[in-house]
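Values quoted throughout were computed directly from the atomic coordinates according to the rules given, and no laboratory measurement underlies them. Just so it is clear, the structure is predicted and the values come from calculations on it, not from any experiment. Cβ coordinates were reconstructed from backbone atoms using ideal geometry, including for glycine residues, and neighbour counts include every protein chain displayed.
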Amino acid sequence: MLEWIDAVPYADFLAELERAGLTVRSFAELIGMNPNSITNYARPGELPQHIALVAVLVAEMAVRGVNYRTAIAKVAPTKKPRGGTRRGHFGGDRQASLDLESAQLTNGHSHD
């Protein structure tokens, strides 16, 4: 039995992919990630537990003859295109402008 705390050794992750008959590229595509995002974890030698958890579950399903692709398709993970945010937005919606001058004037403060 594997024991992981917060991060998973990359070698353990690769072993799970091998059990499932997957490459890093095919696993990344299966879960809607960019393959480079997965391979970037090879250098530090560890990857987040949530990614490894998916790999372990997929490997177990494959070993037991369960079609994991059908199960994962129910979630329909899709890879977000690089730079996929809307123009003029960084990581979400643009925040509303704060009208600080009007707020200060109504509170009896002014910059004069």
Worksheet item: Once amide H atoms are built 1.01 Å from N in the peptide plane, which residues 5 or more positions from GLU46, or in another chain, come under 5 Å H to H?
Response: TYR10
Worksheet, complete the sentence: Given a Förster distance of 22 Å, the FRET efficiency implied by the Cβ-Cβ spacing of THR78 and ARG43, rounded to the nearest 0.05, works out to 0.25
Worksheet item: Once phi is turned into ³J(HN,Hα) by the Karplus curve 6.51 cos²θ - 1.76 cosθ + 1.60 with θ = phi - 60°, what whole-Hz value does each residue of segment 56-65 show in order, with x for glycine and proline?
Response: 5, 5, 5, 4, 4, 5, 5, 4, 8, x
Worksheet item: What order, most packed first, do the peptides 12-18, 38-44, 70-76, 26-32 have when packing is the mean number of other Cβ atoms within 10 Å of each residue?
Response: 12-18, 26-32, 38-44, 70-76
